[in-house]
1. With respect to Asn113, determine if the residue is within 16 Å of ligand 2 (Cβ to nearest atom) and polar (S, T, N, Q).
2. Assuming Ser225 fulfils every condition listed in (1) polar (S, T, N, Q); (2) assigned to a helix (DSSP H, G or I); (3) in contact (Cβ under 8 Å) with a residue 12 or more places away in the chain apart from one, which condition is it?
3. Of all residues in region 167-192, which are among the aliphatic types (A, V, I, L, M) and away from ligand 2 (no atom under 14 Å from the Cβ)?
4. Under 8 Å between Cβ atoms, which residue pairs at least 6 apart in sequence (or on different chains) link something in region 55-66 that is under 15 Å from Ser90 (Cα atoms) with a partner that is part of a helix (DSSP H, G or I)?
5. In this structure, does Leu318 turn out to be under 26 Å from Gly146 (Cα atoms) and of a type outside the set (D, E, K, R)?
6. Scan region 267-291 for residues that are assigned to a helix (DSSP H, G or I) and closer than 24 Å to His114 by Cβ and jot them down.
Amino acid sequence: MSLKKILGIESSCDDSSVAIINSNHEVESMFSANQIKQHIVFKGVVPEIASRTHTKNLLKLVELCLKETKSSLSEMDGIAVTSKPGLVGSLMVGTTTAKTLALANNIPLLGVNHLEGHMLAPFLKDNISKPKQPLSFPFLALIVSGGHSHIYFVKSLNDYHLIGKTLDDAAGEALDKFAQLLGLAFPGGAELDKLASNIDPLRFPLPKPLWKEKSANLSFSGIKSAGSRLVAQFNEKELLKNKKYLAASYQKAIVDSLVQKLKWAQQETQLTHIVVSGGVSANSLLRLELNQWCVNKKLKLSVPALKYCTDNAAMIALVGYLKMKEGLFSNQYLSPVSS
Ligand code: KG4
Ligand code: ZN
């Protein structure tokens, strides 16, 4: 089936995003609206506010993409929308928008798994970003974000297996919570990354959860509790003095855990192509450690361009394009699924 342009819609959590990609995996246009301002006072995402804000954002973002590419909806060969997993209200807004546009304009529709989107994000192209590796299967994928820390064996587009995951919190959540304790702005992962830059990460030792366990499972609750106990032992003045060392030690503990389990999974599977994606894959220490490991072991490493690490519609459009090319479509009964 010949598909030239796919419109992607993402609204699984608190980012509203719309993109148009072409058959060359190139992002022709992408507009996103984050909702940090709406949620910052609550220090976390409020599902009802997220859904309402998506209803205000999505159609405007569709218009912006069409205007930038000088195209009309009728020129779209497919609409791909995140249908799972995520906040069900937020997903409902995205899927309803996509179904309505598809029905009104007679365009094929496909519901996409958000995690499959993250898996393929490193292979998106645009004027500035060129992937280091072409899209090829199989690969080992670590999806690491505010809601996920999952390791998959990805055999092909529709065939992948979970081989390990966090038993408690996600890495992004653990980073955000600690950043909050240090008084950094929400969501704190990127702020923590900046604060920890070029700082000795060994000043405060933290636990190494499941380090010796022969599995690809992860756990961050122990690091989180130890981190909060460390912060609690300082008064305000001492905390200010130690803030950057705390940030660096905490970030190192999380990153080392992720890399250690990825190494274990690589040894078990013997896969030579490693994909790391999701919001936390923007982390500079994680990228550095992954790079060193992959160069040493002669492994291929694919990480997304920074703008495609966090939630975005281009990755959803790419999955949509590849699956629709294989003849996979949804109908108007497409419903959001939270997990
Ligand atoms: O993939 P994403 O946008 O949303 C979810 O699906 O959760 O990931 C958001 C997460 C947040 O926890 C955020 O703090 C984290 O990604 N993050 C980072 C960095 N940039 C974003 N964590 C560490 N270092 C960064 N540079
Ligand atoms: Zn995500």
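The values are calculated or read from the model by the stated rules, or taken from the named source; none is laboratory data. Since this is a predicted model, take the numbers as computed values, not measurements. Here the Cβ is made from the backbone with ideal geometry for all residues, glycine too, and neighbour counts use every protein chain on show.
1. Yes: the conditions hold for Asn113.
2. Answer for Ser225: the failing condition is (3).
3. Passing the criteria: Leu167, Ala174, Leu175, Ala179, Leu181, Leu182, Leu184, Ala185, Ala190, Leu192.
4. Thr55/Val93; Leu58/Val93; Leu58/Gly94; Leu58/Thr97; Leu59/Thr97
5. Yes, satisfied.
6. Thr269, Gly279, Val280, Ser281, Ala282, Leu286, Arg287, Leu290
Condition check ((1) modelled with pLDDT under 95; (2) crowded, with 17+ Cβ neighbours inside 10 Å; (3) more than 10 Å from ligand 1 (Cβ to nearest atom)) across all residues:
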site	(1), (2), (3)
Pro138	no, no, yes
Leu142	no, yes, yes
Leu167	no, no, yes
Leu192	no, yes, no
Ala216	no, yes, yes
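Per-residue answers, yes or no, for (1) closer than 24 Å to His150 by Cα; (2) of a type in the set (A, V, I, L, M, F, W, C):
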| site | (1), (2) |
| --- | --- |
| Ile36 | no, yes |
| Glu48 | no, no |
| Arg52 | no, no |
| Thr55 | no, no |
| Leu61 | no, yes |
| Cys65 | no, yes |
| Ser72 | no, no |
| Gly89 | yes, no |
